[in-house]
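Okay, structure first, notes after.
The values are calculated or read from the model by the stated rules, or taken from the named source; none is laboratory data. What you are looking at is a predicted structure, and each value in this text was computed from that prediction instead of being measured. Counting neighbours? That spans all protein chains shown, and the Cβs are built from the backbone with ideal geometry, glycine included. Calculation scope for accessible area: heavy atoms of the full protein, side chains included, ligands and nucleic acids excluded. Shrake-Rupley method; radii C 1.70, N 1.55, O 1.52, S 1.80 Å.
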Amino acid sequence: MNARRRLLALLLCGLPFGALAQGFAGLGTTAEGFAIPERGRALTFPADHGPHPAFRIEWWYLTAPLTGEDGRDYGIQWTLFRSALAPEERDGWSSPQIWMAHAALTEPDRHHVAERLARGGIGQAGVTAAPFAAHIDDWQMTGTPGKGIDQLHLTARGKDFAYDLRLEASGPIVLHGDAGYSVKSPKGQASYYYSQPGYTVTGTIETERGTVRVSGQGWLDREWSSQPLAEDQRGWDWFSLSFDSGDKMMGFRLRDGGPGFTSATWIGSDGSAKPLPDGALTLEPLETTTVEDRAIPTRWRVVLPAHGLDITVGAMNPQAWMGTSFPYWEGPVTITGSHTGRGYLEMTGYE
Amino acid sequence: MTRWAFLALLSHWRRQPLQLVAMILGLALATGLWSAVQAINAEARASYAAAASRLGLSQGPTLTSPDGTIPSDTYVALRRAGWQLSPVLEGPIRLGGRTLRLVGVDVLSYPALPDSSALSGIAPLDVLTPPGRLFASRVTAEGFDGDPRLVLSQDVPAGVVLTDIGTAEALLDRPGALSRILVLPDQPMGLAPLADLAPQLSLSSPSATSDAAHLTDSFHLNLTAFGLLSFAVGLFIVHGTAGLVMEQRRPLFRTLRALGLPARHLTLLVLAELLTLALIAGLLGLVLGYLVAAALLPDVAATLRGLYGAPVEGGLTLRPLWVLSGLAMAVVGAGLAGARGIWALVRLPILASSGMALRSVASGLGARHLALAGLALILAGYLALRLMPGLTGGFVMLAGLLLGAALLLPLLVDACLQLCQRRAKGPVAQWVWADMRVQLPGLSLALMALLLALAANIGVGTMVSSFRLTFTGWLDQRLASELYVRAASDEQGAAIERWLASRADAVLPLRSAEITLAGQPGELYGVADHATYRQNWPLIASEPGVWDRVAAGEAALINEQLARRENLWPGDTVTIAPDWTLTVAGVYSDYGNPKGQVMVSIPALVAHHPEVPNRRFGIRVDPAKSEALARDLRQSFDLPEESIVDQAALKASSLAIFDKTFVVTGALNVLTLGVAGFAILTALLTLWTMRLPQVAPAWALGLTRAQLGRLELCRSLALAAITALLALPLGLALAWVLLNVINVAAFGWRLPMYLFPADWLRLFLLALIAGGLAAALPARRLHRLPPAHLLRIFANER
Amino acid sequence: MLLDVRSVTKTYPGAERPVLKDVSLSLDRSETLALTGESGSGKSTLLHLVGALDGFEAGEITLDGTSYSQLDEAGRAGLRRGAVALVFQQFNLIPALTVAQNLAFHARLGGAYDPDWTATLAQRLGLADLGSRYPEQLSGGQQQRVAIGRALALRPRLLLADEPTGNLDEATGDAVLDLMLDLVRDTGAALFLVTHSERIAARLDRRLHLGSGQVA
Ligand SMILES: Nc1ncnc2c1ncn2[C@@H]1O[C@H](COP(=O)(O)OP(=O)(O)OP(=O)(O)O)[C@@H](O)[C@H]1O
Ligand SMILES: [Mg+2]
């Protein structure tokens, strides 16, 4: 299975098979022929909810920490990746667009993962902007016609889990960086990046233990680019945090040989977004857990002095490992310290 | 003590190096032929298994459609219902002048991709988008190794070109079509049943063995039978030599026993010696077997590919199991051969009882008992065929017939000799016949070997030659059109058809679809309503008005294979698809194809399979004009050389494939005969020491040594001749069983039997040569024997 | 004179000294001669030379005017078929043939087969009832009688016998020898008999002794 996974990984990043992958998931390779994000281009909706085939990589990324009627904490992830081998779309099998999706359901003691792959061009997977609909196989994220992405129906299922959720946005879309132009390194690598961080989620989750009604908060990230990472960047630690105060924060650190590159967006309870530059956010691993033979930081100290934030973020289930074609850690977290609340943490590039 | 005794035992070989050679060579030959066949079988089987697993043929349940094509929309619909599936589109493709199997898979979902090392340096984009990449092994790629799309990969089985499904779609010109859909092992929870989602598709779980293995079983059974025959024949040699060696060392054994070596100890020593020899010979045999297998494998591979489409590489790998089984055969063989000698050794009295009872076996109870056992075996074989019809019964019957006949041989030969002796006039002649009867028990094993080898030669030769004659006649009927053309696309096909309409006497479209017939892969052909078929088609059974009924779409023709397998004959009905059943109006012979086949009228074919390509045509034209027409056609449509084949070329290549198929059989035949000749030689050498007391008195009474030598040669020739004469009816019986039982069960066709007396004469001469060569050495020895040596017989107490 | 052996010397290949050195003797028609000597003295060797079974390096043997040294192998075989008959101590008979066939064999080979004479011989040798038996089914005495019968069926001019009774007990041996001497006298053949026994030697016309390669 391992050789196959490796092969898929290589295939997905469009590299010659057997060549050394650049950065995590080949995201650090150059983007010859592909479109490059430009500062100042205004995002337009609903068009930008749809795919951008001229860009090499794109994702629809939804995470939601949930609580069940049974009183237990849960978390779900639903991600659709688009990876282009060439900056174009074609009909049929010869389409150079490849789709990959990950779904996860995290329980305090278990973590369920499923993955889907599809060729573009034949209808097995794809996204339409209006009415909004994203799908791969039977997994879907479908918007109510006329409501953009404000009302979503989200489903996915794997061998041992399934979920069926309704999402209702309560605030506006948040543009990260410079009006959606999000810089990823001092060398200028960037992506288009916007979020809808304020969904109220209700629905059911199902495991072999049975079906449970759940509710919670959802966060959608939309990002596309052709070269989101610099060559020397090996991975990232990404946080989406919703505080009980109603404020929210998105923050990440891109790791390189040195101090790394950090970026954050503070989202007020009114939905107003304040981008913060490199260095404003400090992230400090407090504790690591051995997951799949690697040391993964599962307790963090997160400090953002500009907003009086000094918190400890801990994994709800430290074994929230995504054993997919590109393996990474992703799971719900609990916040204590100057602020309290819940959120999601993603860590990539830990070898 | 042990050491000295062992050295004393071994000293024999220094004095009799020829016996050592005979013993080791005999055992090595037996092991060699056996392991050659085993190696070929194992290699072929391993190839099927590898091919099956590499191609995902055994990757789990598979969805297929009764008409052979699944729209890719169905695939997407099932995917969107949550099912984890992998689509496959495959079909024949002409590459480098050969027809190969193009397997198109979705590289994202296919569970059995080549190892990634084969892919290093290749951009995924190139694989997924036009013109695509073609993955093939070196053997497969021979004809098109200049193709820029080619990627060599040893993981892809022979005869298969693996590619992305998008590329396959374009190359096969079947957009939006799939051949089958694999159901992947891991499925999400709570899926709707496939039967509800796609009732038109059928889900089949792959059988434990792949198609190829199933189809080729009979071929391998054939080979194994030949291997066992070779082994048996080889054992005769060893048996003879082992007997001789034990006999000659009798005085030594006696002396050792008299000197105080316990019988058990001595037996163990002899066993150890035998084991050592067996291992040495076994190793030698393995080397021999490897060489023979390596020499024959390419032909076997070609046969399996040509006849069954079974993928077999031409290379041979050394398998530990093969080595072990070869050595085991050598040891078991040596044990069998030496058993009698060792048994005699265990019971050896210390005090000699001189005078060997030479006569009793041949004329007495021995031969009669053997003959009775032989008759019983033949009867048992016959009963076996009655009780279990089919291949197994056929082979049991063959085994019974051959072994039984071999056991009957001593009595029959003795009877012949007795007859000759009675009719002999002169004293020398009388003596010679009488003397041969004395010799017979010692020679009968070797003669049995010769009988088996000759019978196998006659039987298999008759089968192959009959088959070839029938096949040639059948080719004439089947290939009635003067030219055969293959277009690149349906459009070009239509254009060619129009173009030819005014230039040729007739254009006969050749259209076919792959279908499932009675649960096995089969073919559906469309036949044009034309005199060419009405006059030539090789029908072996038919109803009146067969062609009119087929043309009207009321009836179908089926091939002999299907007819015999499913017992369908004119008047019965054949189910072509769940909703399509036709009356069988005729059965035609169809050699060189193990699959079942149904022929219907072209309109009927197109009605049920609108997608069948229309690219191949037979062209009827005045033979004198065919060459010019082919040239014009090629020019007008810019067709590649191999797209137009004339009848003669097609026949020639068909016959070439046919001949290749039986190269192995021929080679094994010759080897077996050689081994049998060698068996006679060792038997004669074995008898040598016992010969002197027989011939010395005759010499003393006035025969010259030269005369004695000549007589020795004549004796051997006469025995070979008698055996060859007796082998003829046995061989013909064998041929009859092969043609009427084995072939029907293995291939599904019955062949008429033809007789080839010229071949028998050739074989008779070969038998004489074998007998003559075998006796040449003893005869020469006798001729050169110093008189003093002969005199000692009279002077010395033995 | 029937047989003339003159100055014959015989050395076996590989042997240092000759077995026979300058041996001479002669035998008349119908004469019976006994040759005695120690074991290994060369009696059998001399007999084989006279029987044209083996060659010699010097001297000459003449039988009825035929010089042995002039003969090739075929000639010597012809001599064995027609003029000389042999009876050995053992292994006289052809195992593949019946008693009757053995009796007739030599005569038929020499073209001198006379069924009546052969039948008479069988009668006199007491073999009439054993005709269809094979040699291995006979006792030693019976076998020797067959050998004698076979030799005399040829009506040879010279009968050579190498200890024909050596394998038999004294009584049987005497009986066999008596028969042989009777028949030899009746056919008028000359007899050259090798024996150890003084008693037997005494019954013949003449006796010679072989010692250290020489006749005395
Ligand atoms: N074929 C032979 N090759 C070499 N030497 C031989 C051969 N036959 C006999 N001899 C030797 O020649 C000598 C005379 O042998 P021969 O058999 O003539 O003796 P013999 O007088 O007949 O003795 P015996 O009374 O024991 O029969 C012996 O020393 C014997 O070893
Ligand atoms: Mg002697």
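A few notes on this one:
- Flag for C:ALA83 being facing chain B (nearest Cβ under 9 Å) and more than 16 Å from ligand 2 (Cβ to nearest atom): no
- Criterion (surrounded by fewer than 21 Cβ atoms within 10 Å (Cβ to Cβ), in contact with a helix residue (DSSP H, G or I) (Cβ under 6 Å, 6 or more places away or on another chain) and at pLDDT 75 or above) met by exactly one of B:ARG715, B:ARG710, B:ARG705: B:ARG705
- Remark: C:ARG81 matches the filter, which requires a residue to be basic (Lys, Arg), touching a His at 6+ places or on another chain (Cβ under 9 Å) and either more than 30 Å from B:PRO427 (Cα to Cα) or away from ligand 1 (no atom under 12 Å from the Cβ) (or both).
- Extreme residue, nearest to the other protein chains (Cβ to nearest Cβ), among residues of the range C:34-66 that are away from ligand 2 (no atom under 16 Å from the Cβ) and buried (at least 19 other Cβ atoms within 10 Å of the Cβ): C:ALA52
- With respect to the conditions (1) open to solvent by 20 Å² or more (accessible area, probe 1.4 Å); (2) in contact (Cβ under 8 Å) with a residue 24 or more places away in the chain, A:LYS274 lacks only one, and its number is (2).
- Residue that is without any contact (Cβ under 8 Å) to a residue 60 or more places away in the chain, within 17 Å of B:ALA434 (Cα to Cα) and more than 16 Å from ligand 1 (Cβ to nearest atom), where the choices are C:LEU109, C:LEU125: C:LEU109
- Given (1) within 10 Å of ligand 1 (Cβ to nearest atom); (2) buried (at least 19 other Cβ atoms within 10 Å of the Cβ), index of the condition C:VAL23 fails: (1)
- Test set (1) farther than 22 Å from C:ASP4 by Cβ; (2) within 14 Å of another protein chain (Cβ to nearest Cβ); (3) within 16 Å of ligand 2 (Cβ to nearest atom); (4) not aliphatic (A, V, I, L, M) - C:SER139 fails condition number: (3)
- Filter result for C:ALA122 (among the hydrophobic types (A, V, I, L, M, F, W, C), more than 30 Å from C:ARG17 (Cβ to Cβ) and either more than 13 Å from chain B (Cβ to nearest Cβ) or surrounded by fewer than 16 Cβ atoms within 10 Å (Cβ to Cβ) (or both)): yes
- Selection within the range A:154-192: residues that are in a loop (DSSP other than H, G, I, E, B) and charged (D, E, K, R). The member of this set that is surrounded by the most Cβ atoms within 10 Å (Cβ to Cβ) is A:LYS184.
- Consider the range C:3-33 and keep the residues that are in contact with a Phe, Trp or Tyr (Cβ under 7 Å, 6 or more places away or on another chain) and farther than 25 Å from C:ILE200 by Cα. The one that is nearest to ligand 2 (Cβ to nearest atom) is C:LYS10.
- Within the range A:76-133, the set of residues being within 9 Å of chain B (Cβ to nearest Cβ), among the small types (Gly, Ala, Ser) and out of contact with any helix residue (DSSP H, G or I) (no Cβ under 9 Å at 6 or more places or on another chain) comprises just one member, A:ALA114.
- If you filter the range C:6-17 down to residues that are more than 8 Å from ligand 1 (Cβ to nearest atom) and within 14 Å of chain B (Cβ to nearest Cβ), you find that the one that is surrounded by the fewest Cβ atoms within 10 Å (Cβ to Cβ) is C:THR11.
- Checked against the criterion of being open to solvent by 30 Å² or more (accessible area, probe 1.4 Å), of a type outside the set (Lys, Arg) and either away from chain C (no Cβ under 14 Å) or over 19 Å from B:ILE722 (Cβ atoms) (or both), the candidates B:ILE769, B:ILE742 yield just one match: B:ILE769.
- Single residue of B:GLU554, B:GLU566, B:GLU611 found to be surrounded by fewer than 16 Cβ atoms within 10 Å (Cβ to Cβ) and modelled with pLDDT under 85: B:GLU611
- Hits in the range B:72-90 - residues which are within 11 Å of another protein chain (Cβ to nearest Cβ) and under 41 Å from the mean Cα position of the chain (by Cα): B:LEU85, B:SER86, B:PRO87, B:LEU89
- Of all residues in the range C:85-97 being touching a Pro at 6+ places or on another chain (Cβ under 6 Å) and away from ligand 1 (no atom under 16 Å from the Cβ), the one that is modelled with the lowest pLDDT: C:PRO95
- Count of the range A:286-324 residues which are free of Cβ contacts under 8 Å to residues at least 12 places away in the same chain and in a loop (DSSP other than H, G, I, E, B): 1
- Among the residues listed as B:ALA788, B:ALA758, B:ALA745, B:ALA733, the single one being within 16 Å of ligand 1 (Cβ to nearest atom) and more than 20 Å from B:PHE678 (Cβ to Cβ): B:ALA788
- Members of the range B:253-264 that are surrounded by 15 or more Cβ atoms within 10 Å (Cβ to Cβ) and in a helix (DSSP H, G or I): B:PHE253, B:ARG254, B:LEU256, B:ARG257, B:ALA263
- Only one entry in C:ALA107, C:ALA112, C:ALA100 is more than 8 Å from chain B (Cβ to nearest Cβ), within 23 Å of C:SER30 (Cβ to Cβ) and assigned to a helix (DSSP H, G or I), namely C:ALA107.
- Members of the range A:254-273 that are more than 20 Å from the chain's Cα centre (by Cα) and either of a type in the set (Ser, Thr, Tyr) or assigned to a strand (DSSP E or B) (or both): A:SER269, A:SER272
- When residues of the range B:120-148 are limited to those that are within 14 Å of chain A (Cβ to nearest Cβ) and under 39 Å from the mean Cα position of the chain (by Cα), the one surrounded by the most Cβ atoms within 10 Å (Cβ to Cβ): B:PHE135
- All strands (runs of 3 or more DSSP E) inside the range B:75-177 with 3 or more residues being over 25 Å from B:ALA301 (Cβ atoms): B:85-95
- Residues within the range C:154-177 that are of a type in the set (A, V, I, L, M) and within 11 Å of chain B (Cβ to nearest Cβ), tallied: 2
- Hey, C:GLY37 under 23 Å from B:PRO697 (Cα atoms) and either among the aliphatic types (A, V, I, L, M) or within 11 Å of ligand 1 (Cβ to nearest atom) (or both) or not: no
- Residue in the range C:90-97 that is open to solvent by less than 40 Å² (accessible area, probe 1.4 Å) and within 16 Å of ligand 2 (Cβ to nearest atom) present: yes
- Enumeration of residues in the range C:67-78 that are at the interface with another protein chain (Cβ under 10 Å from one of its Cβ atoms) and open to solvent by less than 20 Å² (accessible area, probe 1.4 Å): C:ALA77
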